[in-house]
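Written below as C-alpha cells is the structure these notes are about.
The values are calculated or read from the model by the stated rules, or taken from the named source; none is laboratory data. Fair warning: this is a prediction, and the values are worked out from it, not measured in the lab. Glycine also receives a Cβ, built like all others from the backbone with ideal geometry; neighbour counts cover every protein chain displayed. Just so you know, the surface numbers come from the protein's heavy atoms only, side chains and all, with ligands and any DNA or RNA stripped out. Shrake-Rupley method; radii C 1.70, N 1.55, O 1.52, S 1.80 Å.
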Amino acid sequence: MKLDDAVTSKIGQDVDPVTFEVLNHRLLSITEEMGIQYMRCSGSNVLITGNDAATAIMRADGALVAVGPYIVTQGNVLPLIVEATQRMSTDVGIHDGDIFICNDPYLGAIHAPDFATVAPIFHGGEIVAWIGASGHQLDTGGMDPGGFSVKAVDIHQEGLRMPPVKIVDRGTVREDVLRWILNQVRDPLVGLDVKGQIAALNNGRRRLLELIETWGVAPVKGVMEGSITHAREKLQRRLRELPDGRWRDVQYIDHDGHEPNIYRIVCTMTKHGDRIVFDFTDTSPNARGLINSTYSGLQAAVLSSMYINLCWDIPWNRGVRDCIEIVTESGTVNNCAYPAPCAMATISAVIVTIDVTWRCLAQLLLTSPPHHEQAMAVWSGTSMAPIFSGRSQHGFAFAATEMSHFGGGGGARTYADGVDTAGIVFNTTPNMPNIEDQEAEYPVLYLFRRHLRDSGGPGLYRGGRSAELAYMVYEAPEGKLEGLFAGTGAEMPNAIGVAGGMPGAAIRVARVVGTGLNDRVRRGQPLPAALEDVAGEVEILSCKHERTPIAGAMSGTTAGRRAAATAIRYAASRRASLTTSGAGSCHRRPHARYTASQFGLTAPSTLMRRRSCVPSFAGPGLPSRARRARVTP
Amino acid sequence: MRFSGRGTARFGAALGLDLDGGAIRCTHCTSTLGKPGEDLLPGLREWEAPLTAAGPVRGEDYDRGRFRLRHVLCPNCGSTLDVHLSFEGAPRPSMEAVIGTTS
C-alpha cells in the first residue's frame with residue numbers, strides 16, 4: 001500500500017500518535033523478524049535453542065532505536081559497533097549493500113564469541129539508519145574450543161578478534177573474508193551462522209526500505225527520533241516519581257580461571273530528580289583471567305538492568321541511555337584495560353554487574369509506594385556454561401555449549417513467587433535446549449534434567465527454582481570428548497534477596513568416574529535418575545575447569561574399560577526472594593521447612609514482548625519448602 | 001539504612017515508614033527502630049550465618065570460609081530486614097532514600 005501524497009505531506013516530521021505507534025511497532029517487528037530469520041538459517045544449538053542472539057535498528061548516527069526480543073546485552077552494544085565501523089572504515093568506505101562484521105570487545109563487542117554484523121541503510125544516496133544482528137558463535141579458535149579459554153592471560157589467546165571488517169561489499173559476500181574466519185575456528189557451522197546473520201540483515205534492509213517506500217523517509221526518521229525522545233521523556237517522568245537517594249550494593253565473582261580469587265563489583269547508585277548515576281568506584285582491578293568485561297559489557301549490563309526494572313512500558317533505546325551516567329575506572333574487572341582477557345564476560349562481570357545494579361534498582365522501587373509492586377529480587381544471578389567438543393556420532397568435528405544454563409529462575413516479586421526456570425536475566429526470550437535435539441546432534445546421553453530442589457531463595461515469596469542435569473558421553477567415535485566448564489557463583493550465590501529475602505542456589509559441577517553406565521545402557525537397564533544413584537567416584541570440579549577429557553562409551557568397547565567416566569552435573573543458581581518477616585523464625589536451618597512468611601518477587605508479567613517459553617522438560621512436582629503467609633502488622 | 005521524606009510507606013514486609021509521624025517501625029512487633037533521617041543500622045541486630053542457612057547448594061562444596069550471610073534483624077522480635085553476603089574488607093550494602101518528595 002502506498003499512501004497518497006496528501007497523507008504523506010500531512011505527516012511530515014510531525015507524526016500523529018496513531019502513525020507513530022504503527023510505525024514504531026513496525027520497527028520492533030522488523031527486529032523480531034531479523035532474529036527469526038537468523039535463527040532459522042543457523043544450525044547452531046546456541047542460536048536455535050538458546051536464542052543467544054540480538055538484532056537492532058539504529059539511527060544514522062548509531063543511536064539505538066529498537067532492539068529485538070533476544071539477548072538484550074548483545075543488542076545494547078550494536079550501537080558501539082556502528083560507531084567503531086564509522087570511525088574505522090574511512091579507507092574502505094561505507095556503501096549501499098555493505099555489511100561489516102566485528103567481535104572485538106575493545107571496539108564494542110561484549111566478548112569474542114559474539115559476532116556482530118551491522119549494515120547501513122541508504123535512501124536517496126545517504127545513510128538513514130543502521131541495522132544490526134549479533135550472535136554467540138560456537139567457537140572462536142582460541143586456546144580451547146567453544147570460545148572460553150579458562151587459562152588465557154590476554155585477549156590474544158582467546159582466538160579470532162575482528163575489528164569492523166567488510167564481509168559484504170555492495171551486496172556481494174566477500175568469500176575471502178569468510179574463508180579467513182572459517183580458517184580460524186574449529187566448527188564449520190560458524191560459517192552457516194555468519195551467513196544467517198547476513199541473511200537477516202538483507203531481510204531487515206528490505207523491510208526497512210519497504211517501510212520507507214510506503215510511508216516516506218521523513219516519517220520513518222521522525223518515528224525513530226520520536227521513539228528515542230518518547231523513551232527519554234517517559235523515563236524522566238518516572239524517575240521524578242521515584243524517591244531520591246543513594247543505594248549501594250556489592251557482589252562478587254569467584255575464581256578468575258587461574259586462582260580462586262574474589263573480585264568485587266561495587267555499585268553506588270544515586271538518583272536525583274530525573275537522573276541516575278551508577279558509580280562503580282571501589283570495584284576490583286581487572287583479573288588475570290577471562291572473567292573481565294570491557295566498557296561495552298559494563299554499559300550493556302547497566303542498560304539491561306534499567307530496561308527491565310524501570311522501563312517495563314518504555315521503549316528500550318537511546319532515550320534510556322540519555323537518563324543515566326556511568327562512573328567507572330578503566331582497569332577494573334567490569335571495565336578492563338587492554339589486553340585483559342574477557343571471553344567469559346557475559347556470565348561473569350556482565351551478569352554480576354546486572355545483579356548489583358538490579359538490587360539497587362529493586363530497593364529504589366520498594367521505597368516508592370506507586371511503583372512498589374514492580375520490584376523484583378535479583379533474577380538468575382549467575383551462570384555456568386559447560387562446553388564439550390570432539391567428533392560427533394555423525395563424524396563431524398564440533399564444539400558445543402550446553403545451553404541449559406539459560407534455565408535460571410525468575411526473581412520473586414512483592415506478591416508472588418519467582419517463576420521456575422524463567423530464563424537467564426538478559427535474554428527476553430530464553431529457551432533451554434531440547435534434550436532430544438542435543439542427543440541427536442552430539443554423542444551425549446542425558447540421565448536427567450529437572451528443577452533443582454530448594455534452589456529458589458526462601459522468603460515470604462520464594463525465588464524461582466533453577467535446574468540440575470547430568471549427562472554422559474555416549475557413542476563418541478573417538479571414545480571420548482573434551483569438556484571445560486566456565487561458571488560464576490560456586491563459592492557464593494549471586495542471586496541475593498531483597499528486603500530480607502534469602503539467596504538462591506549457587507552452582508556446582510561434579511564429575512563421576514567409574515560409573516559403569518555404558519554397561520547399563522548396553523544391557524537396556526534403566527539409568528539412574530539422581531546423582532546420588534550413580535555409582536562411582538564423585539569429584540567436585542572447579543567452577544572454571546580447564547579442558548579435560550571426558551571418557552565415554554564406544555561401540556564394542558571391551559569390558560574392563562574404566563573410561564565410562566561421565567556424569568556431569570551442575571546446578572545453576574537462581575533467585576532470591578524478598579522479605580522474610582515472620583513469626584520469629586529468623587534462624588534458617590538447612591533443609592528446614594520455612595515457616596516464616598515469605599515474600600518474594602516473580603517474573604514481571606509486564607516484561608516487554610515476551611514469547612511463551614516452554615521448558616523442554618517436565619520436572620517432578622517437588623513440594624516447595626516455602627510456605628506463604630500474610631504478614632499481619 | 002536511612003529513610004527520610006514525607007508520608008507513609010513500607011520497605012518490604014518488615015519496615016513501616018511513618019515519616020510524617022517521625023517513626024520507623026518493625027511491622028511485625030511494631031517496635032520503633034529509629035526516626036526519619038537517622039541511620040537505623042546501629043540500633044539493629046546483626047547475625048552472621050553460613051551460606052547454607054539459605055538452603056542446599058549455597059557454596060558448601062567450594063567453601064573457603066570467606067563468605068557468610070549477614071542478617072539484619074529487628075532487635076525486638078528478630079524479624080529479618082535485610083540479608084546480604086558478608087566478605088571481610090568489602091564495603092557493605094547501604095541505602096538512603098528520600099520518600100514522598102518528587103522533583
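Evaluate the distance, in nm, between pseudo-label points positioned 7 Å from the Cα of A:His156 and of A:Glu21 along their respective Cα→Cβ axes.
5.7
Using amide H atoms built in the peptide plane, which far-off residues or other-chain residues are under 5 Å from A:Ile121 H to H?
The list, which skips near neighbours in sequence, is A:Val128, A:Ala129, A:Trp130, A:Ile131.
Do the sum for the protein assembly as shown: with -39,500 (n - 2.57) for every DSSP H run of n ≥ 4, divided by all residues, what is the mean residue ellipticity at 222 nm, to the nearest 500 deg cm²/dmol?
Calculated at 222 nm, the ellipticity per residue is -7500 deg cm²/dmol.
Given R₀ = 51 Å, what would the calculated FRET efficiency be for A:His272 paired with A:Ile36, taking r from the Cβ atoms and rounding to 0.05?
Taking R0 as 51 Å, the efficiency between A:His272 and A:Ile36 is 0.75.
Hey, any idea what Rg/Rh is for the protein assembly as shown, computing Rh the Kirkwood way over Cα pairs?
Reported Rg/Rh (Cα atoms, Kirkwood Rh): 0.98.
Please give the length that would be gained between A:Gln393 and A:Thr214 if that part of the chain were fully extended, namely 0.36 nm times their separation in residues minus their C-alpha to C-alpha distance (nm, one decimal).
Stretched fully, the A:Gln393-A:Thr214 segment lengthens by 59.4 nm.
Can you compute the FRET efficiency between A:Asn261 and A:Trp312 using 1/(1 + (r/R0)^6), with r the Cβ-Cβ distance and R0 = 30 Å? Round to the nearest 0.05. Working shown, then result.
Values: r = 37 Å, r/R0 = 1.24.
My answer for the efficiency is 0.20.
Need one number: nm distance between label points at A:Glu532 and A:Glu241, each 7 Å from Cα along Cα→Cβ, rounded to one decimal.
According to this spin-label approximation, the distance is 4.9 nm.
Using 23 Å as the Cα-Cα cut-off, could you pick out the over-long pairs in A:Lys166/A:Lys221; A:Lys234/B:Lys35; A:Lys480/A:Lys544?
In this structure, A:Lys166/A:Lys221; A:Lys234/B:Lys35 lie more than 23 Å apart at Cα.
If amide hydrogens are placed 1.01 Å from N in the peptide plane, which non-local residues have theirs closer than 5 Å to the one on B:Gly55?
A:His591
Roughly how crowded by other chains is peptide A:172-181, in terms of the mean Cβ count from those chains within 10 Å of each of its Cβ atoms?
For this peptide, the per-residue mean of nearby foreign Cβ atoms is 0.
Report, by chain and number, residues whose modeled amide H sits under 5 Å from the one on B:Leu33, excluding near sequence neighbours (fewer than 5 apart, same chain).
Distant-sequence amide H within range of B:Leu33: B:Ile24, B:Arg25, B:Cys26.
Can you tell me the FRET efficiency between A:Asn183 and A:His95 if r is taken as the Cβ-Cβ distance and R0 is 22 Å, rounded to the nearest 0.05?
0.25
What whole number of Å gives the distance from the Cα centroid of the stretch A:379-397 to the Cα centroid of the stretch A:422-475?
Taking the Cα centre of the stretch A:379-397 as reference, the centre of the stretch A:422-475 is 13 Å away.
Let me cross-check A:His255: its accessible surface, 1.4 Å probe, with only protein heavy atoms counted, in Å² to the nearest 10?
Surface accessible to solvent at A:His255 totals approximately 30 Å².
Quick check: with the 1.4 Å probe, what order do A:Asp254, B:Asp39 take by accessible area, largest first?
Correct descending sequence by accessible area is B:Asp39, A:Asp254.
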